[in-house]
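Q: The structure that follows is given in the form of structure tokens.
The values are calculated or read from the model by the stated rules, or taken from the named source; none is laboratory data. Predicted model, so just to flag it, every value in this text is computed and none were measured. Methodologically, a virtual Cβ is constructed for each residue, glycine included, from the backbone with ideal geometry; neighbour enumeration extends over all protein chains shown. Remember, those area values only see protein heavy atoms, side chains included, never the ligands or the DNA or RNA. Shrake-Rupley method; radii C 1.70, N 1.55, O 1.52, S 1.80 Å.
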Amino acid sequence: MKRLYRIVLVIIGIGMSLPAADGAVGSMNTMLESVITAADRVRVRSGGTCHRVPPEEVTLAEISGSAELRELFKLLAVNEQAGFFSCSCCGNPSLEFYKGNQLLAVLGMHHGRAVRWGGSYWPGDGLLLNGRGLVEFLAEHGVKEPREELDRYEQWQKQLKDNFSAWEAETPEILKPVMPQIARGIFQEQYHALMKKAYKDRDERLRALLRWYGSGLHLWAMHVQFEYIPALMLRHYSTFSLVKALNAEALKTMMEQEDTRADAEKILNGAALYFSNYVFLDKHQQELQFVPDELRIEMLESAMRSSDGEFFDRVDRVLNPPPEITEDELEEVLPAVGD
């Protein structure tokens, strides 16, 4: 059986039971309801459920009254059929549930669409059944940031949907039959065998992968999991092989001809994206010294032409770092600073 990798954290199977706080078996919603429905007030505060700095936290709202609380409890239901996941941030804001002065539970909100119950038996973060309803409820109580986050997320989702077909079109033809797996961020070793079958020449194969990778959204803040498939495939090759494919006459010819220049730009964008991505930098950052200055300039210029400021800034920081100051140069500068 071929080894299977997932880029995202594994999601539990539907119907899997979890231990409740009292030792019984129950669902995420059942566990939460058994605790928070005893609350007589909810404090909404800034900050999340981890890496807290209490002196800097502020109370954003106080919610009480049986009708208001019942509405809030209902809006906190999570979609258990979707399983769970784990966001890498601590969340913001947090909802603290009190009965009198006793703190019963703390839920951290994540991007207006999920909640984390800190210190509970929950296996991870729960995706809200009605995230829009919850953020609107909080906005009515003066807490507007979750709604703004959800608005941004939904806008990004629309952009993703609009751009996916274009990215899919750049997928090497040999990989299109396995697009359902790729779209879910599933990496399989067979992809390498398929690419070798379709592209006997290694330079051509690498340029095809780079063109594919360079056709994505390049979103750093909210990465798209399927875009990491070509990045993982590129990591299979040495930096020297990538530089050779990028310095080949074929790429220079593509840049010179109007009908192939757009493809050449995607290849350069893919290279810029790869060399400035953690998939490469995590193990091979020191190998950037083998990337010729001429190629660095071409990648930087291509990233600049993409009109994606965040993408260019990231590439510029990695491929065009400030020069190191030698001890002799430092000695020359220090007296001037004193003057």
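Q: Between Val178 and Phe164, what is 0.36 nm times their sequence separation minus the Cα-Cα distance? Round to one decimal in nm.
A: Numbers: separation 14, 0.36 × 14 = 5.04 nm, distance 1.54 nm.
3.5 nm is the gain from fully extending Val178 to Phe164.
Q: At a Cα cut-off below 19 Å, give the aspartates and glutamates reachable from Lys252, other chains included and same-chain residues fewer than 8 away excluded.
A: Here the aspartates and glutamates satisfying the reach criterion relative to Lys252 are Asp201, Asp203, Glu204, Asp263, Glu265, Asp293, Glu294, Glu298, Glu301.
Q: Ok, one more. Determine the order of Tyr121, Tyr191, Tyr228 by accessible area, beginning with the largest, at a probe radius of 1.4 Å. Don't skip to the end; give the middle numbers.
A: On the way: Tyr121 120, Tyr191 0, Tyr228 25 Å².
The most accessible residue leads, giving Tyr121, Tyr228, Tyr191.
Q: A further question follows. Where a ≥ b ≥ c are the square roots of the eigenvalues of the C-alpha gyration tensor, would you call the stretch 103-156 rounded, which needs a/c under 1.5, or, failing that, prolate if a/b is larger than b/c, or oblate?
A: Because a/c hits 1.5 or more and a/b fails to exceed b/c, the stretch 103-156 counts as oblate.
Q: Under a Cβ-Cβ cut-off of 9 Å, what is the net charge of the residues other than Arg45 that fall near it, where Lys and Arg count +1 and Asp and Glu count -1?
A: Combined, the nearby Lys, Arg, Asp and Glu give -1.
Q: Okay, moving on. Determine the alpha carbon to alpha carbon distance for each of Lys200/Lys266; Lys158/Lys283; Lys197/Lys244; Lys176/Lys197 and list only those over 23 Å. Intermediate values should be presented prior to the final figure.
A: On the way: Lys200/Lys266 21 Å; Lys158/Lys283 34 Å; Lys197/Lys244 20 Å; Lys176/Lys197 14 Å.
Table pairs above 23 Å Cα-Cα are Lys158/Lys283.
Q: In whole angstrom, how far apart do the alpha carbon centroids of the stretch 70-145 and the stretch 26-44 sit?
A: Value for the Cα centre distance between the two parts: 10 Å.
Q: Starting from the Cα-Cα distance between Lys196 and Gln155, subtract it from 0.36 nm times their residue separation and give me the gain in nm to one decimal. Mind showing how you got there, number by number?
A: Details: separation 41, 0.36 × 41 = 14.76 nm, distance 3.77 nm.
Using 0.36 nm per residue and subtracting the Cα-Cα distance, I get 11.0 nm.
Q: When a/c reaches 1.5 or more, the comparison of a/b and b/c decides; with that in mind, is the stretch 257-299 rounded, prolate or oblate per its Cα gyration tensor?
A: Verdict is oblate for the stretch 257-299.
Q: Give me the extension gain from Ile297 to Thr260: residue separation times 0.36 nm, minus the current Cα-Cα distance, reported in nm with one decimal.
A: Numbers: separation 37, 0.36 × 37 = 13.32 nm, distance 1.98 nm.
Going from the current span to full extension adds 11.3 nm.
Q: Rounded, prolate or oblate for the stretch 110-219? Axes are the square roots of the Cα gyration tensor eigenvalues, ordered a ≥ b ≥ c, and the cut-off for rounded is a/c under 1.5. Walk me through the numbers on the way to the answer.
A: Values: a/c = 3.88, a/b = 2.31, b/c = 1.68.
It is prolate, given that a/c is not under 1.5 and a/b is the larger ratio.
Q: Starting from the Cα of Lys99, draw a straight line to each of the aspartates and glutamates and keep only those under 16 Å, dropping any in the same chain fewer than 8 residues away.
A: Counting by Cα, and skipping residues close in sequence, Lys99 has these aspartates and glutamates nearby: Glu33, Asp40, Glu62, Glu68.
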